[in-house]
1. Averaging sequence separations of C-alpha pairs under 8 Å and six or more residues apart, then dividing by the length of segment 3-126, give the relative contact order as a whole percent.
2. Output wanted: per-residue J couplings in Hz (rounded whole) for segment 11-23, from phi through Karplus 6.51 cos²θ - 1.76 cosθ + 1.60, θ = phi - 60°, x for Gly and Pro.
3. For segment 3-126, what is the accessible area per residue in Å², given a 1.4 Å probe and the full set of protein chains?
4. Segment 18-57: which trypsin sites (Lys or Arg not before Pro) are DSSP loop and have at most 16 other beta-carbon atoms within 10 angstrom?
5. Step through the residues of segment 63-69 one at a time and calculate ³J(HN,Hα) from phi using the Karplus curve (6.51 cos²θ - 1.76 cosθ + 1.60, θ = phi - 60°), rounding each to whole Hz and writing x for Gly and Pro.
6. Using R₀ = 22 Å, calculate the FRET efficiency as 1/(1 + (r/R₀)^6) where r is the Cβ-Cβ separation of H41 and D80; round to 0.05.
7. For segment 1-66, what's the relative contact order in percent, using C-alpha pairs closer than 8 Å and at least 6 residues apart?
8. With all protein chains present, how much of the accessible area of segment 41-108 (probe radius 1.4 Å) comes from carbon and sulfur, to the nearest whole percent?
Amino acid sequence: MHPCLSCGACCSAYRVAFHWLESADCDNGVPVHLTEPLDRHRLVMRGTRSMPGRCTALDANIGRRARCTIYERRPSVCRDVSAAWENGRPSPQCERARIAHGLVPLTPNDWPWPRRAVSDAQLLDALEPPPGGRSWPPEHGAMGTDCVR
Ligand code: SF4
């Protein structure tokens, strides 16, 4: 299982602020009712204005199970935080959040499947083709990398 699906620490460790333009309800923006104003140009996810806090969009038992209920519409700041070692690199934000919640930081050993260093095409070649062939690009989550970030 993807480590983020049993974590949720970063969604309850930082203020999640972004430009208001990302919240437009058209074009799959962040749902406005889940945000509140931070300053003249920025919004913040409800629940994260001050810490300790927790994003209102997070459905989780931290350290056991976690999912972002607006995954496809989450703000850019959420998309920018990578899980430590998912792409072969450490992630200070991931590590600090996990430690703050009493979780052990992730290591390269938490990523047993082929890493992103392997191209998507190579990864697809390694997989059995589905009945009826394969379309490109794969549907969301088709390669087992679906996560909360
Ligand atoms: S990924 Fe989702 S649950 Fe986590 S902070 Fe962002 S909007 Fe909230």
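1. Relative contact order here is 26 percent.
2. 7, 9, 9, 9, 6, 9, 10, 7, 5, 4, 4, 6, 9
3. Working: 7190 Å² over 124 residues.
Accessible area per residue, segment 3-126: 58 Å².
4. Answer in residue order: R40, R46, R49.
5. x, 10, 8, 7, 8, 8, 6
6. Computed FRET efficiency for H41 and D80 comes out at 0.75.
7. 44
8. So the carbon and sulfur contribution to the accessible surface is 51 percent.
The values are calculated or read from the model by the stated rules, or taken from the named source; none is laboratory data. Predicted, not measured: the structure shown is a model, and the values here were computed from it. Here Cβ is always computed from backbone atoms with ideal geometry, including for glycine, and neighbour counts include all displayed protein chains. For accessibility, only protein heavy atoms count, side chains too; no ligands or nucleic acids. Shrake-Rupley method; radii C 1.70, N 1.55, O 1.52, S 1.80 Å.
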